[in-house]
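Below is the structure I would like to discuss, written out as C-alpha cells.
The values are calculated or read from the model by the stated rules, or taken from the named source; none is laboratory data. Note that the structure is predicted; figures quoted are calculated from it, not measured. Ideal geometry is used to build each Cβ from the backbone, glycine not excepted, and the neighbour counts take in all protein chains shown.
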Amino acid sequence: MSKIMAVNAGSSSLKFQLFNMPEETVITSGVVERIGFDDGIFTIKVDGEKIKTVTPIKDHTVAVNMLLKALVEHKIVASYDEIDACGHRVVQGGPYFDDSCIVNEDSEAKVEELSELAPLHNPANLIGMRAFREALPHAKHVFVFDTAFHQTMDEERYLYALPYEYYTKHQVRKYGAHGTSHKYVSGRAIEMLGHPEHSKIIVCHLGNGASLSAVKDGVCVDTSMGFTPLAGVMMGTRSGDVDPSVLPYVMRKENLSIDEMLNVLNKKSGMLGVSGISSDSRDIENAYYDGNQDAIRTSNLYARIVSKYIGSYFVELGGCDAIAFTAGLGENAAYLRTLIVNDISEALGVEIDEALNGKRSGDDRVISTDASKVKVMIIPTNEEVMIARDTVRLLGL
C-alpha cells in the first residue's frame with residue numbers, strides 16, 4: 001500500500017487529496033485558497049468534518065508546509081515519510097507529452113518552456129510541485145498533463161488553417177484541456193456500457209470552464225478547446241469560439257489593447273457577459289425560472305452551442321453510444337441538460353427521463369429512457385484519482 005498526494009496548484013490556490021493506493025481510498029482532502037493574501041483560507045477534511053483556518057499565507061511554500069503540518073497534527077499521518085509520492089496536475093504539456101511523466105530535470109524544463117502557452121497555469125503548477133519537493137525530499141513526483149489525453153488527435157483535427165510554418169516554428173495548434181477528466185469519464189462510460197469491444201462516447205465537461213471530447217474505443221478523436229482553454233463552447237466567463245475579425249473591430253470601437261481584449265474574452269464574456277447576471281449557472285438557473293429574459297437567452301444560447309458540438313462529434317464518430325455529462329454544470333444543472341438534449345433529440349433520437357434527470361445524486365447514473373437511441377449519463381469526474389493512478393503506474397508503487 002502507498003500513500004499518494006494528488007495536487008492541483010493554481011496561481012492563488014492549492015487543492016489536494018491524499019490517497020491510499022491501489023485501493024483508491026481518500027484519506028483526506030482540502031484546499032488552500034487566497035495564497036499571497038493576509039486572509040488566506042486553509043480547509044482540510046478530518047474524520048468527515050471540514051476544519052477551516054483563516055490566516056496569512058505568503059506563498060505556495062507556506063501553503064504546502066501548512067497542509068503537511070496539519071496532516072501530522074490531526075494524526076492523519078504519523079510523519080511525512082508516510083507520503084510515498086505526489087502527482088501534480090499540469091495544464092499544458094504541449095507536443096512533448098502524450099502521457100504523464102516522472103519529474104526530472106528535462107520534464108521540468110519542458111513544463112517551464114510551455115508556460116508561454118499557459119501563462120496562468122503552468123507557472124503555478126511548477127511552484128506547487130517545487131514546494132512539495134522541497135518539503136518532501138524523500139518522495140517521488142509525477143507530472144499529469146491536461147493535454148496528454150488529446151495527443152491522439154490526428155493533424156486534420158489539431159491543425160488550424162493558418163500558414164503551416166506557424167505550427168512548425170511556434171507550435172500553434174489545438175491542444176485541448178480537461179484531458180484528465182475526459183479520460184476518467186469516458187473510461188467510466190465504457191464500463192457502464194459493459195466494456196463493449198468498440199465504443200463511441202461524447203464527453204461534456206461543463207463547468208465554469210467547459211469542453212467536449214469525442215472518444216472512440218477509449219481514444220480521443222477530437223476536443224473543443226484549442227491552442228488555449230479559451231476556445232470551444234461558451235463558458236462561465238470565457239467566450240468560446242468567436243470570429244477573429246470581431247477582435248480588432250471591438251478593440252478600435254472600445255479603444256482596447258490586445259491584453260484588455262483578451263481579458264474581456266477570458267473574464268467578462270460567456271454566461272456573465274451575455275446575461276449580465278452572473279458567471280454562476282445557479283444564479284442563471286434561478287433567474288431562468290423567474291422568467292428573466294436575459295437568463296433565458298443565455299441558457300438557450302449555451303445549450304445551442306453545446307448541442308452543435310455534440311452534433312459535429314456524432315458525425316465524426318459515425319454515431320454515438322453514450323453522451324456523458326460531468327463537472328459542475330454537467331453534473332448539477334438539470335435544466336441545461338434538458339435544453340441541450342431537446343436541441344439534439346430529433347436528429348439523434350435522444351430522450352431523457354426527466355424524473356431521473358432532476359434527481360439529485362452524486363452517483364454515476366443513466367438518465368436516458370429505454371427508447372433513447374443514445375444513452376445519456378451523468379458521471380461525476382474524479383481528476384484526483386486519475387492523478388493518483390498515473391503516479392502509481394509510472395513509479396511502479
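Can you pull out the residues in region 52-61 that are modelled with pLDDT of 90 or more and either part of a helix (DSSP H, G or I) or under 26 Å from the mean Cα position of the chain (by Cα) (or both)?
Kept after step one, since they are modelled with pLDDT of 90 or more, are these residues of region 52-61: 52-57.
Correct list: Lys52, Ile57.
If you check Asp390, Asp363, Asp370, which single one turns out to be in a helix (DSSP H, G or I) and either at pLDDT 95 or above or charged (D, E, K, R) (or both)?
Step by step, each of Asp390, Asp363, Asp370 is checked, and only Asp390 is in a helix (DSSP H, G or I) and either at pLDDT 95 or above or charged (D, E, K, R) (or both).
Go through region 250-345 and tell me which helices (runs of 4 or more DSSP H), entirely inside it, have 1 or more residues that are free of Cβ contacts under 8 Å to residues at least 60 places away in the same chain, small (Gly, Ala, Ser) and farther than 24 Å from Pro380 by Cβ. First the steps, then the outcome.
On the way: elements: 258-267, 270-275, 281-289, 293-317, 327-332.
Correct list: 270-275, 281-289, 293-317.
What are the residues in region 373-387 that are outside any helix (DSSP H, G or I) and either assigned by TED's automatic domain parsing to the domain that holds Glu24 or buried (at least 18 other Cβ atoms within 10 Å of the Cβ) (or both), if any? Can you show your working first?
Of the residues in region 373-387, the ones outside any helix (DSSP H, G or I) are 373-382.
Val374, Lys375, Val376, Met377, Ile378, Ile379, Pro380, Thr381, Asn382 - these are the residues of region 373-387 that are outside any helix (DSSP H, G or I) and either assigned by TED's automatic domain parsing to the domain that holds Glu24 or buried (at least 18 other Cβ atoms within 10 Å of the Cβ) (or both).
Something else now. Can you confirm whether region 334-351 contains a residue that is over 17 Å from Ile310 (Cβ atoms), among the charged types (D, E, K, R) and more than 23 Å from the chain's Cα centre (by Cα)?
no
On the given criteria, is Val91 touching an Asp or Glu at 6+ places or on another chain (Cβ under 6 Å) and in contact (Cβ under 8 Å) with a residue 12 or more places away in the chain?
Here the answer is yes, as Val91 does meet what is asked.
Now for a separate question. Considering only region 10-25, state which residues are at pLDDT below 95 and among the hydrophobic types (A, V, I, L, M, F, W, C).
Leu14, Phe16, Met21, listed by residue number.
Let me ask another. What are the pairs, 6+ residues apart or on separate chains, where a residue within region 159-177 that is touching a residue at least 60 places away in the same chain (Cβ under 8 Å) has its Cβ under 6 Å from a residue that is hydroxyl-bearing (Ser, Thr, Tyr) and in a loop (DSSP other than H, G, I, E, B)?
Pairs found: Tyr175/Thr147.
Hey, Ile35 hits all of (1) in contact with a His (Cβ under 9 Å, 6 or more places away or on another chain); (2) surrounded by fewer than 16 Cβ atoms within 10 Å (Cβ to Cβ) but one; which does it fall short on?
That leaves (2) as the condition not met.
Do the conditions hold for Phe325, that is, is it surrounded by 21 or more Cβ atoms within 10 Å (Cβ to Cβ), under 24 Å from the mean Cα position of the chain (by Cα), under 27 Å from Ser186 (Cβ atoms) and not aliphatic (A, V, I, L, M)? First the steps, then the outcome.
Working: surrounded by 21 or more Cβ atoms within 10 Å (Cβ to Cβ): yes; under 24 Å from the mean Cα position of the chain (by Cα): yes; under 27 Å from Ser186 (Cβ atoms): yes; not aliphatic (A, V, I, L, M): yes.
Yes: the conditions hold for Phe325.
Could I ask something else about it? Select, from Val341, Val315, Val306, the only residue that is in contact with a helix residue (DSSP H, G or I) (Cβ under 6 Å, 6 or more places away or on another chain) and at pLDDT 95 or above. Step through it out loud before you land on a result.
Values: Val341 fails: in contact with a helix residue (DSSP H, G or I) (Cβ under 6 Å, 6 or more places away or on another chain); Val315 fails: in contact with a helix residue (DSSP H, G or I) (Cβ under 6 Å, 6 or more places away or on another chain).
Selected residue: Val306, the only one of Val341, Val315, Val306 that is in contact with a helix residue (DSSP H, G or I) (Cβ under 6 Å, 6 or more places away or on another chain) and at pLDDT 95 or above.
For Tyr80, work out the one condition from (1) over 21 Å from His170 (Cβ atoms); (2) in contact with a Ser or Thr (Cβ under 8 Å, 6 or more places away or on another chain); (3) aromatic (Phe, Trp, Tyr) it doesn't fulfil.
The failed condition is (2).
For Ser12, only one of the following conditions fails: (1) in a strand (DSSP E or B); (2) within 26 Å of the chain's Cα centre (by Cα); (3) of a type in the set (Ser, Thr, Tyr). What is its number?
(1)
So which pairs qualify, if the first residue must be in region 70-85 and within 20 Å of Val32 (Cα to Cα) and without any contact (Cβ under 8 Å) to a residue 40 or more places away in the chain, the second must be of a type in the set (Ser, Thr, Tyr) and surrounded by fewer than 17 Cβ atoms within 10 Å (Cβ to Cβ), the Cβ gap must be under 8 Å, and the two must be at least 6 apart or on different chains?
Val72/Ser79; Val72/Tyr80
Taking the condition touching a residue at least 40 places away in the same chain (Cβ under 8 Å), on the phi > 0 side of the Ramachandran plot, of a type outside the set (S, T, N, Q) and in a loop (DSSP other than H, G, I, E, B), does Gly240 pass?
Values: touching a residue at least 40 places away in the same chain (Cβ under 8 Å): yes; on the phi > 0 side of the Ramachandran plot: yes; of a type outside the set (S, T, N, Q): yes; in a loop (DSSP other than H, G, I, E, B): yes.
It is true that Gly240 is touching a residue at least 40 places away in the same chain (Cβ under 8 Å), on the phi > 0 side of the Ramachandran plot, of a type outside the set (S, T, N, Q) and in a loop (DSSP other than H, G, I, E, B).
Another question, if that's okay. Restricting the search to region 190-214, which residues are closer than 30 Å to Asn332 by Cβ and assigned to a loop (DSSP other than H, G, I, E, B)?
In the first step, residues of region 190-214 are kept if they are closer than 30 Å to Asn332 by Cβ; the result is 190-196, 199-214.
Within region 190-214, Leu193, Gly194, His195, Pro196, Ser199, Gly207, Asn208, Gly209 qualify.
Could you tell me whether region 192-201 includes any residue that is among the β-branched types (Val, Ile, Thr), buried (at least 16 other Cβ atoms within 10 Å of the Cβ) and modelled with pLDDT under 95? Even if it seems obvious, please write down each step before you answer.
Within region 192-201, the first condition is being among the β-branched types (Val, Ile, Thr), and the residues that meet it are 201.
When the remaining residues are screened for being buried (at least 16 other Cβ atoms within 10 Å of the Cβ), the result is 201.
With the extra rule that they be modelled with pLDDT under 95, the set shrinks to none.
Among the residues of region 192-201, not one is among the β-branched types (Val, Ile, Thr), buried (at least 16 other Cβ atoms within 10 Å of the Cβ) and modelled with pLDDT under 95, which makes the answer no.
Quick one: count up the residues across region 283-300 that are surrounded by fewer than 15 Cβ atoms within 10 Å (Cβ to Cβ) and not polar (S, T, N, Q).
So the count comes out to 5.
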